[in-house]
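In what follows, a structure is listed as structure tokens, so that the remarks can point back to it.
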Amino acid sequence: MSYKQSFGKWGEKTAADYLVSKGLLIVEQNWRCSFGEIDIVAKKDNTWTFVEVKTRKNDHYGFPEEAITHKKRTHLINSAVFYIDDHQIKEEWRIDIVSVRRMSNREIEIEWFQDAIKENG
């Protein structure tokens, strides 16, 4: 596994731990379908949350959440809808972004953008 891959996996684990600390149940991680991958599928009460995790070690190329392109948004929406249909989910759902930054001083900053990606916009 490359450094980039292992750093990304660290970011996903950090994000999952953070979400659990906020009361979400992690249902699946790295779920794949023909449209792409969903980093984290979680649930709290009657709401399903599909999470895209972006991890960076500095801000040289912008904040992690800024790396979500229109194409990536489309993949996330299509993947979430596929998951919902495939698992016959009837409850509410949303797509969130969790931004994880490990700064040079090893400080970790996490930002959770709830309902960040809308199906119709």
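The table that follows gives values for the structure above.
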| quantity | calculated |
| --- | --- |
| Given (1) exposed (fewer than 12 other Cβ atoms within 10 Å of the Cβ); (2) at pLDDT 95 or above; (3) among the charged types (D, E, K, R), number of the condition E107 does not satisfy | (2) |
| Those residues of the stretch 95-109 which are in a loop (DSSP other than H, G, I, E, B) and in contact (Cβ under 8 Å) with a residue 40 or more places away in the chain, in sequence order | M103, S104 |
| Test: I84 is surrounded by 14 or more Cβ atoms within 10 Å (Cβ to Cβ), farther than 21 Å from Y3 by Cβ and out of contact with any Ser or Thr (no Cβ under 9 Å at 6 or more places or on another chain) | yes |
| From T69, T55, residue being more than 12 Å from the chain's Cα centre (by Cα) and among the β-branched types (V, I, T) | T69 |
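The values are calculated or read from the model by the stated rules, or taken from the named source; none is laboratory data. Bear in mind that the values here come from a model prediction, so they are computed numbers and not experimental data. As a convention, Cβ positions derive from the backbone with ideal geometry for all residues, glycine included, and neighbour counts pool all protein chains shown.
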